[in-house]
């Protein structure tokens, strides 16, 4: 047995030093919880606590728009964040590819009329023959796995087996859509990846004019500081020049948001904090998102 395995085995045998009184308290809580769950599943249990009604209404942040006649293909769909965004913006969803089965089930549950390819057999884009879609897609969007560029993922970049930028680019170059949108973590802008971005993304898409920029979800009314990098490419220079990077619709702090100026800031709505968005009591402990 390796030393690491031995450590894990010994750790699993470690006992908590609890008094008999503490054990009885925890045992009672566990039994009451199990009974409450059983009764609730049978419809016999009324609410113990008041149920809050969230104040944040997502449809107010992004009201659905009428169809614009453009089609999209989704890669690395996950739970469907980009898919739903494009859907609300009036695009027609032509298909989604996602490797993780439970994510595919989530997509199908929310949009049963969508074509969703998921799981190792159907959702692995490395196995897809893209020629079947040529001429039918206006926009390809997706978020290639971020682990190769995130701090948590050890930032191994192109040496990480999860780096799927090559597959995203293969789909774009095969379909030649009018435009594409790819998102990733902020880490991809780390100077250590500047060579990767140039060689394995920009140089591999010679027929596209590409904007690269950062957005923060909190600047658009979402009670979460989620910063992401976007690559938005256009096949024509005219479309590239017409594109405008989205400007914040909200301000999320009493301090200035980094992407706003004084005059513009005065007209912005305030982004709710998480507790306010969920209509929970203010504890006075959290002043930011």
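If each residue's Cβ is checked for other Cβ atoms within 10 Å, how do 71, 236 rank with the fewest at the top? Walk me through the numbers on the way to the answer.
Values: 71 19, 236 13.
Going from sparsest to densest Cβ surroundings: 236, 71.
At 7 Å along Cα-to-Cβ for each site, give me the label-to-label distance between residue 134 and residue 210 in nm.
Roughly 2.3 nm, to one decimal.
Compute the distance in nm between two label points, each set 7 Å from the Cα along the Cα-to-Cβ direction, one at residue 173 and one at residue 62.
Each label point is offset 7 Å from its Cα along the Cβ direction, giving 3.0 nm.
According to the square roots a ≥ b ≥ c of the eigenvalues of the Cα gyration tensor, what is the shape class of the range 36-105, taking rounded for a/c under 1.5, prolate for a/b larger than b/c otherwise, and oblate for the remainder? Don't jump to the answer; show the numbers that get you there.
Numbers: a/c = 3.82, a/b = 1.78, b/c = 2.14.
Here the range 36-105 falls in the oblate category.
What list do you get for 114, 165 if you sort them by fewest beta carbons within 10 Å? Could the numbers behind the result be given before it?
On the way: 114 17, 165 22.
Ascending Cβ contact count within 10 Å gives the list 114, 165.
Report the FRET efficiency, 1/(1 + (r/R0)^6), for residue 92 and residue 26, where r is their Cβ-Cβ distance and R0 is 51 Å, rounded to 0.05.
Working: r = 54 Å, r/R0 = 1.05.
Plugging the Cβ-Cβ distance into 1/(1 + (r/R0)^6) gives 0.40.
Given points 7 Å out from each Cα along the Cα-Cβ axis, report the residue 227 to residue 194 separation in nanometres with one decimal.
1.8 nm
Quick note: the coordinates plus some simple rules give every number you see, no bench work behind them. These figures come from a predicted structure and were not determined experimentally. Ideal geometry is used to build each Cβ from the backbone, glycine not excepted, and the neighbour counts take in all protein chains shown.
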